[in-house]
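What follows is a single structure, written as structure tokens, with notes after it.
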Amino acid sequence: MSTPAGRPMVLGLGEPARRDDGCGPRVVRALRGRLSPSVALVERVAEPLQLLELWSDAAPAIVVDAGRTGATAGSVLRLEGAALARAPIGPSTSSHALSLPDAYALAVELGRAPRRLVVYLIEAGELGFGPTLSEEVAAGVPRAAEAIVRELQAWPTETG
């Protein structure tokens, strides 16, 4: 799966069958119809390693994922670029083979990182098996979606 070069994109990272780990895809789904058609939406990315292929042609990229930082469940945290490596993200929230910060570091080393990366983490609560988000994380989904809409509206048009 690829997108035209220079196109902004929003990617939902996570596994919807792992409760709150599915919040990334839910946020991207909530963005459908709210953004310019020039923004590529990738609703579900199962593994961070897939990001290297998907975002390498993007001008700016936004990734939405569940995280564990010690904040209250449902809190939304925004990170940009290198701040991702310094983020207080705890042990993996899912079964990802590679963490999001590790995938970004690898992408930088390989020259496959987007020109601009913004990550929205929603603090996870429940990570067991099941298709439903916890009440707190479900409440964070529209907050994250609204923040992404505002952010993309403020970005200048970038070309590849």
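Worth a mention:
- Karplus 3J(HN,Hα) series, Hz, for segment 137-144 with 6.51 cos²θ - 1.76 cosθ + 1.60 (x for Gly, Pro): 6, 4, 6, x, 4, x, 5, 5
- Under the convention that each Lys and Arg Cβ holds +1 and each Asp and Glu Cβ holds -1, the size of the dipole of segment 9-154 around its Cα centre is about 360 debye.
- Among Ala124, Ala58, Ser134 the positive-end extreme of the charge dipole of the chain (Cβ point charges): Ala58
- Anisotropy class of segment 100-139 from Cα gyration tensor, a/c 1.5 cut: prolate
- Rounded to 5, percent antiparallel among DSSP beta bridges of the chain: 25
- Only helices enter this figure: runs of n ≥ 4 DSSP H residues, each worth -39500 (n - 2.57), summed and divided by the residues of the chain, yield -9000 deg cm²/dmol at 222 nm to the nearest 500.
- Our compactness index for segment 9-154, the C-alpha radius of gyration over the empirical 2.2 N^0.38 Å, is 0.94.
- The distance linking segment 99-150 with segment 49-64 is 12 Å (Cα centroid to Cα centroid, whole angstrom).
Readers should treat all values here as calculations from the given coordinates under stated rules, not as data from a laboratory. Note that the structure is a prediction, hence the values are computed from the model and not measured. In this analysis, Cβ positions are derived from the backbone assuming ideal geometry, glycine residues included, and neighbour counts consider all displayed protein chains.
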